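Written out below as structure tokens is the structure these notes cover.
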Amino acid sequence: MIVRLSKMLLSLVLLCCLASCATQGANGSSSSAFEQGQQSFKEGNYQSAFHLLYPLAMDGQPDAQYAVGYMLYYGKGVVENQQIGEAWIREAAVHGQSQAEQALRLLTQKGMFNISSNA
């Protein structure tokens, strides 16, 4: 089980790194990538949003971290992975992203997260 999860995570990271290279070359700036990712997310084009926002999440951008966590947790545009989604949502909450903090509280109260929140 752990090996399978590790392989999935490694594949996801590799895919996102490749997407990051393509995104940076095409967009030039991270604010442009964020705006495009945000627009794709709003339009329900989650796969495109994920590819645009994941590199920004890796760079520590809290809004991108929350969006990536949301998409992973609910399987929007990517294969659902609640554990990794939860980790991204927690990371965004640690950085003060208000939607992530609220999501963490609600999901913890509903018993959907196994570990109680410090946010």
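Laboratory data are not the source of any read-out in this text; all were calculated from the coordinates shown. No experiment lies behind these values; they were computed from the predicted model shown. Every residue, glycine as well, gets a Cβ built from its backbone with ideal geometry; the counts of neighbours run over all protein chains shown.
Miscellaneous remarks
- Förster-model FRET efficiency, 25 Å R0, LEU107 and LYS42, C-beta, rounded to 0.05: 0.65
- Spin-label pair GLU35-MET58: with each label point 7 Å from Cα along the Cα-Cβ axis, the two points sit 2.4 nm from one another.
- Electrostatic bookkeeping for SER30 treats Lys and Arg as +1 and Asp and Glu as -1; over the other residues with beta carbon under 15 Å from its beta carbon, the sum is -3.
- With a cut-off of 15 Å between beta carbons, the residues surrounding TYR54 carry a summed charge of -2, where Lys and Arg count +1 and Asp and Glu -1.
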